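What follows is calculated from the coordinates using simple rules that are stated; it is not laboratory data. Just so it is clear, the model here is predicted, and its values are computed rather than measured. Glycine also receives a Cβ, built like all others from the backbone with ideal geometry; neighbour counts cover every protein chain displayed.
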Amino acid sequence: MTEAQDSEWRIGWRIVLACAIANGTGIALVFYVFSMFLLPMAAEMNLSRSETSMIQALVVTAALGAPVIGRLTDLWGFRTVYLLCALVLGLTGIVQGTLVNDPWMLGLTVAISALFGAGASGITLTRPINAHFVRYRGRALGLVGIGVSITAVLVPPVLHEVIVNYGWRAGFISLATIGLCIGLPAVMLLMPREAAVARVERVPGQSRKADWSFLGARDFWLLAASNVLINVATSGAVSQMSPMVQDEGLSAGTAALAVSIYAMGQFAGKLGGGWLLDHFEPRRISSLMIIVPTTGFAILFAADGMLIPALVAVGMIGLLHGADIDIFAYFAARRFGIERYGAVFGVLIGIGWIGTVGGILAFGASFDSFGSYAPVQGLSLILLGIGALLFLPVRLPPLAPR
């Protein structure tokens, strides 16, 4: 182990482990498995695919919460913002499992989960990583990301049995319990105090007014546009993952397996992507990691009920969804610095939610209008290609010495 590596990992391993566990038990896990709830909820509440997509689309509140939460993390530090938001997210899950009995209340709780869930997501969890790591930033971000990949492999089969035997409400309570009993204690016990408090230190008399000048930077909007296009494809696919796989003529149990395969692809994307960002030219690596998994949509487009090709396609799509949050976190910190990282990354992710909502609505509408997800899968191929090219003109400063 080199001296630079040793200095970053001496306490850095605790930061990475705490953030990885928090990531694996927070809003990201809820989002990845939410498609497993769609058909049981739709059957009980007599909802169409478009109607369930509209309820899911209420996660647009994350677009409102992300910039605010990012800025608050700059001012208050990681621990305060994360603990508050994780607590609200867990309690909302309990409400979903005990009190929700109509589409309106379901939609309200989804909106609240997304609004506060942003504080238990990469917006906050990547800040202590970017503040501590320089030379091994990409690798550390990847390790944090695989937290949700691991839980998204392990949880869906168990969650499927819970939903089948006890109903979808019990599923929500199970997810809330995971967050409150594993994620919160892990952060409180593992996260070093100095990293948990890490925020922008200001000299006496310096204004606390936020610096929003990055909104005038060409590079910010290149990243934002790419984020929107990528999210249309990846978030739209994961939002309908279980119904989409079942639409191929496969069973609900196989669909649960597909969610796990998707998570395995994410695992590879996060871990491999982080390593590649540290060792090769980040713009070219990012473009490559976006272009390659588009093949997954092409395979799914032509799978036509074949089990193995469908599962391979799902894993390839997961490869991109695994790497994208780490890629954008890396670019935001390196291009714009850590001092205003929360504001930059919060706005970047907030804008990205436009693509998330668009993808959720588009995938649901594709099935209702055409009886198939094929049209929107074809559109996803085009959008991912454009999103990959937008990384190439982004200017990155040299890495600062540690």
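Between 0 and 90 degrees, the angle of helix 61-76 with respect to the longest Cα principal axis of the chain falls at about 20 degrees.
Note that region 126-139 has calculated 3J(HN,Hα) couplings of 7, 5, x, 5, 5, 6, 9, 9, 10, 5, 10, 5, x, 5 Hz, one per residue in order, obtained from phi through the Karplus relation 6.51 cos²θ - 1.76 cosθ + 1.60 (θ = phi - 60°); glycine and proline are x.
Sorting 281-291, 125-135 by their mean Cβ neighbour count within 10 Å, with the most densely packed peptide first, gives 125-135, 281-291.
The order of Trp221, Trp104, going from fewest to most other C-beta atoms within 10 Å of their C-beta, is Trp104, Trp221. Around the Cα centre of the chain, unit charges on the Cβ atoms of Lys, Arg, Asp and Glu (plus for the first two, minus for the last two) sum to a dipole of about 1360 debye. Helices in the chain, meaning DSSP H runs of at least 4 residues, each add -39500 (n - 2.57). Divided by all residues, the mean residue ellipticity at 222 nm is -25500 deg cm²/dmol. Using the average count of surrounding beta-carbon atoms within 10 Å as a protection proxy, the listed peptides 372-378, 52-58 rank, highest first, as 52-58, 372-378.
Of all stretches in the chain that contain no GluC sites (Glu not before Pro) in a DSSP loop with at most 16 other Cβ atoms within 10 Å, the longest one is 1-200.
Ranking Val357, Pro397, Pro293 by how far each Cα lies toward the positive end of the dipole of the chain (charges on Cβ) leaves Pro397 at the top. Ordering Tyr341, Tyr82, Tyr166 by the number of other Cβ atoms within 10 Å of each residue's own Cβ, fewest first, gives Tyr166, Tyr341, Tyr82.
Taking the chain as the reference, fit the longest principal axis to its C-alpha atoms, fit the long axis of helix 78-98 to the helix C-alpha atoms, and give the angle between the two in degrees, 0 to 90, nearest 10. Computed tilt is about 10 degrees. The residue list Pro67, Leu29, Ala263 was ranked by how far each Cα lies along the charge dipole of the chain toward its positive end, using unit charges on Cβ atoms, and Pro67 comes out on top. Would you mind checking the tilt of helix 282-291 against the longest principal axis of the Cα atoms of the chain, expressed as 0 to 90 degrees and rounded to 10? With rounding to tens, the tilt is 0 degrees.
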